[in-house]
Amino acid sequence: MPNHIFELSDTVSRQSVSYRTRYGIKVSAELYLPKDHDEAGAYPALIVGAPYGGVKEQGPGIYANEMAQRGYAVLTFDPSFNGDSAGDTRHLSSPDVFVEDISAAVDFMGTRPFVDRERIGVIGICGSGSFGLSAAQVDTRIKAVATVSMYDISRYHEKGFADTLTDAERQGWLQAIANQRYADFESGTAALSERGSPLEIDEDTHPIGREFGEFYSRPRGYHPNSITQFTQTSAASFINFALLNKIGWISPRPILFVIGENAHSRYFSEDAYERAGDAKELFIVPGAGHVDLYDKVDLIPFAKLDDFFQTHLEG
């Protein structure tokens, strides 16, 4: 589905492509290339993962459009079960499947004749920051990872925002999820969570909900495929399976953590930075919040990202 939230550069070409994961799910993707690219070239490649609940036509496309102008072959995609990608049940969310989406994207990019498979990196925005890092823990083909406004989705589900979920609250939630499984089974329909981005915003809207709503639920970032909802029972998988428990394995391959100075999510990146190996850098964007780094090209540090990948994806 089109409806990109940005204008494509006249120096960049965009092509609809697809690839299959090892689970056989067909992933809908878009390939961005410098318009004057050489089919016999050996370009460094980047895979850009969407924010949790987002799709390729939003922030990922903005990043791809900008980085292709800097000489990279860039792939964006819709996560399995979401957007234009295949997979039932719709809007399911899974740590294993979402990490596999990224490694399968490496399969695709590493087999393009114009890509140097020894120079493949990942940019993960929001939730895809944790998925990209998780993939790199075990997929050594990923030579460098940059996260932007990262959310550790496993930690969020297990502990709540800012780790405020009590043990009793978690047990109550797990019981509710267990009961929902019965309801879903009997109805044949998987119930969805509440929207992560409220449609109605007023003075009583929580500041984090307002921030997401002003992007996803307004013309600024709206896309009909991005409903910011997942099946309610998806949360249990994230509670059970940690995404970043092997983050130290990525070193000596480098990680760049990019966060906004005022981002409500910055603790995810700061804590992951402390746990990562030696090859790491934390870059703070002055005055930026969490969602600002989805689409505000005057704040997104593209020059820093370019420098990071130019350095660590050397030919």
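The values are calculated or read from the model by the stated rules, or taken from the named source; none is laboratory data. It should be emphasised that the depicted structure is a prediction, and the values quoted were computed from it without experimental measurement. Positions of Cβ are backbone-derived with ideal geometry, glycine not excepted, and every protein chain shown enters the neighbour counts.
Based on this model, can you work out whether residue 3 counts as of a type outside the set (Ser, Thr, Tyr), in a loop (DSSP other than H, G, I, E, B) and buried (at least 24 other Cβ atoms within 10 Å of the Cβ)? Spell out the reasoning first.
Details: of a type outside the set (Ser, Thr, Tyr): yes; in a loop (DSSP other than H, G, I, E, B): yes; buried (at least 24 other Cβ atoms within 10 Å of the Cβ): no.
Judged against the criteria, residue 3 is not a match.
Among the residues of the stretch 92-141 satisfying the criterion of being of a type in the set (S, T, N, Q) and surrounded by fewer than 24 Cβ atoms within 10 Å (Cβ to Cβ), which is nearest to residue 276 (Cα to Cα)? Give the derivation first.
As a first pass, look at the stretch 92-141 and keep what is of a type in the set (S, T, N, Q): 93-94, 103, 111, 128, 130, 134, 137, 140.
Then keep just the ones that are surrounded by fewer than 24 Cβ atoms within 10 Å (Cβ to Cβ); that gives 94, 103, 111, 137, 140.
On the way: 94: 23, 103: 20, 111: 30, 137: 11, 140: 16 Å.
Ranking the qualifying residues of the stretch 92-141, first place goes to 137.
So residue 174 ticks every box in (1) within 19 Å of residue 80 (Cβ to Cβ); (2) touching a residue at least 40 places away in the same chain (Cβ under 8 Å) but one. Which box is left unticked?
(1)
Just one of (1) under 19 Å from residue 122 (Cα atoms); (2) in contact with a strand residue (DSSP E or B) (Cβ under 6 Å, 6 or more places away or on another chain) trips up residue 35, so point out which.
Failing condition for residue 35: (1).
Go through the stretch 63-79 and report how many residues are under 13 Å from the mean Cα position of the chain (by Cα) and either surrounded by fewer than 24 Cβ atoms within 10 Å (Cβ to Cβ) or over 21 Å from residue 221 (Cα atoms) (or both).
0
May I ask you to list the residues in the stretch 26-41 that are in a strand (DSSP E or B) and surrounded by fewer than 15 Cβ atoms within 10 Å (Cβ to Cβ)?
Of the residues in the stretch 26-41, the ones in a strand (DSSP E or B) are 26-34.
26 - this is the single residue of the stretch 26-41 that is in a strand (DSSP E or B) and surrounded by fewer than 15 Cβ atoms within 10 Å (Cβ to Cβ).
When the stretch 132-168 is examined, which residues are found to be without any contact (Cβ under 8 Å) to a residue 12 or more places away in the chain, in a loop (DSSP other than H, G, I, E, B) and on the phi > 0 side of the Ramachandran plot? I'd like the intermediate steps shown before the answer.
Step one: filter the stretch 132-168 for residues without any contact (Cβ under 8 Å) to a residue 12 or more places away in the chain, giving 159-160, 163-168.
Then drop every residue that is not in a loop (DSSP other than H, G, I, E, B), which leaves 160, 164-166.
160 - this is the single residue of the stretch 132-168 that is without any contact (Cβ under 8 Å) to a residue 12 or more places away in the chain, in a loop (DSSP other than H, G, I, E, B) and on the phi > 0 side of the Ramachandran plot.
Check the stretch 274-285 and report whether any residue there is in a helix (DSSP H, G or I) and hydrophobic (A, V, I, L, M, F, W, C).
Here is the first cut: in the stretch 274-285, the residues in a helix (DSSP H, G or I) are 274-275.
So of that shortlist, the ones also hydrophobic (A, V, I, L, M, F, W, C) come out as none.
Checked against the condition, which is being in a helix (DSSP H, G or I) and hydrophobic (A, V, I, L, M, F, W, C), the stretch 274-285 yields no hits at all.
Need the failing condition index for residue 178 against (1) within 29 Å of residue 273 (Cα to Cα); (2) hydrophobic (A, V, I, L, M, F, W, C); (3) outside any strand (DSSP E or B); (4) modelled with pLDDT of 95 or more, just the number.
The one condition residue 178 does not meet is (1).
Of (1) small (Gly, Ala, Ser); (2) in contact (Cβ under 8 Å) with a residue 60 or more places away in the chain; (3) surrounded by fewer than 19 Cβ atoms within 10 Å (Cβ to Cβ), residue 234 satisfies all except one. Which?
Going through (1) small (Gly, Ala, Ser); (2) in contact (Cβ under 8 Å) with a residue 60 or more places away in the chain; (3) surrounded by fewer than 19 Cβ atoms within 10 Å (Cβ to Cβ) one by one, residue 234 breaks only (3).
Which residues, taken from the stretch 28-51, are out of contact with any helix residue (DSSP H, G or I) (no Cβ under 8 Å at 6 or more places or on another chain) and within 19 Å of residue 145 (Cβ to Cβ)? Give the steps one after another, and end with the answer.
Going through the stretch 28-51, the residues out of contact with any helix residue (DSSP H, G or I) (no Cβ under 8 Å at 6 or more places or on another chain) turn out to be 28, 31, 35-43.
Correct list: 43 only.
Which residue pairs have Cβ atoms closer than 8 Å, lie 6 or more positions apart in sequence or on different chains, and pair a first residue in the stretch 28-42 that is of a type in the set (S, T, N, Q) with a second residue that is at pLDDT 95 or above and in a loop (DSSP other than H, G, I, E, B)?
So the pair list comes out as 28/56; 28/78; 28/83; 28/84; 28/85; 28/86.
Could you check residue 28 against (1) more than 26 Å from residue 291 (Cα to Cα); (2) touching a Phe, Trp or Tyr at 6+ places or on another chain (Cβ under 8 Å); (3) polar (S, T, N, Q) and say which number it fails?
(1)
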